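Here is the structure we will look at.
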Amino acid sequence: MTDGPEKREVFFLPDVFFVGGKGGVGKSTVAVALGFALSERGRTLVASTDPAHSLSDILSEGIGPSPKKVGENLFCVEIDVEKELDRYVTSAKRQLFSAVSPAVAERLSRFIDILRDSPGTVEYATFEKIVQIVSNPSSYRYVVFDTAPTGHTLRLFVLPDLLQSWLEELVKRRREVLRLEAMRSLGEKSFEELLEKDALHRSLERRLESVKRAVKVFRNREHLHIFFVLNPEKLPFEETRRAIRALSDIGVPVSGVIVNRVIPKDLEGKLPEVLVRESRFWLNRIRSDLGVPVLAEIPLLMGGVRPETIREMAGALGRVIA
Amino acid sequence: MDNLTERLATEQVALEDELMFFMFSDLFGFPSPFPHIAIELVPILADRIEPWLKRMASKRSVLSEKFSQCDGWA
């Protein structure tokens, strides 16, 4: 697996891994460990899109909004969606003030604030950032996304298709308007000419292009891997089962699950029996009832998150992706 | 001839208004599916938004008119 031949292709897209799961199951730790494992083979980026970032804590070093080198071939980034949004809003307002009179601009910038606070805005900005990272040609061979808890991840996979059809509808309607205008001008202005000069059409088309790239990434089954991390416990099991079902309903297959904090044999005697029994029960259900392969079972590692434990995890995950 | 151009003009305004509604439905309390994109459309359509809002406000009922235009809703 080398970087060579792919780089010459026009559409070089990285292998993309989404690591999802319920809050607190060890998603971020697994994402980092996976990153270490992948970085043995090529330039890898681990990107956290969870507003409650924990990459910095896991690596015990400050990770910021621009990729930071944390290993031989490994980079990490914590995406600050709120800050990205503020920048985006500021630039829209600046354009607004240069387009119309200050009084109108003032009124319309309040409208922008309303849109900024709409429920879908942050979610969409996250999605857009992901697309931006993924479609940036040839910078990384592998990209691992440490996503926010489950519901968020699900929406992420529905968004591109929804957005594409919404934009296509807008473009179609804009064209209809321009066609009428051309007709009304009685041959003075051609439709093509109007189309080319129309700022709205241009802007919508540009959006559509980038969304189509995203759809391409999300549909590229061979290079898209969705992992759910869970613990052998009731609640993570139920939530993961629902998530897998919901994704398969919209045609997005989950590659498999990674079970974290499995009680190892040598610890069984040292822990309360009821706990061991409970854990074994849910592990069995994970193995038999989820309908997707168990890719790795990571033992409960004593001593919390430390470089050694992450290396140990990376070792276990390296075999999965081999 | 004049009659035709007039009709075309009316039709164009109606279509444009509808398109504006799809993009900026948030202003009427309908969450737009992609408010993030609407943000960058505001400066592009800056000089058209307020006239559009005025036209919408002067209609007796924006909603009943919109709904009656949708098949199967009226």
Crossing angle, helix A:27-39 versus chain A [Cα axis fit, 0-90 degrees, rounded to tens]: 90
Taking N as its residue count, the alpha carbon Rg of chain A over 2.2 N^0.38 Å: 1.19
From the C-alpha gyration tensor of the stretch A:90-202, square roots of 5λ in Å: 34, 22, 15
Charge dipole (the protein assembly as shown, unit charges on Cβ, about Cα centre) - positive-most of A:G42, A:P272, A:S210: A:P272
Simple Cβ-charge dipole of the stretch A:14-164, Lys/Arg +1 and Asp/Glu -1, about Cα centre, in debye nearest 20: 260
Helix A:234-249 vs. chain A, principal-axis angle (Cα, 0 to 90°, nearest 10): 40
Relative contact order computed over chain A (Cα-Cα under 8 Å; 6+ residues apart), in percent: 25
Among A:L74, A:L290, A:L200: highest mean-square fluctuation, GNM of chain A, C-alpha pairs under 10 Å: A:L200
Only Lys, Arg (+1) and Asp, Glu (-1) charged, at Cβ; chain A dipole about Cα centre in debye: 340
Between 0 and 90°, nearest 10: helix A:102-116 axis offset from chain A longest Cα axis: 30
Percent of C-alpha pairs per 10 Å bin, the stretch A:171-322, short to long: 9, 25, 21, 13, 10, 10, 8, 3, 1
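Values quoted throughout were computed directly from the atomic coordinates according to the rules given, and no laboratory measurement underlies them. Since the structure is predicted, the reported quantities are computational estimates derived from the model, not experimental observations. Positions of Cβ are backbone-derived with ideal geometry, glycine not excepted, and every protein chain shown enters the neighbour counts.
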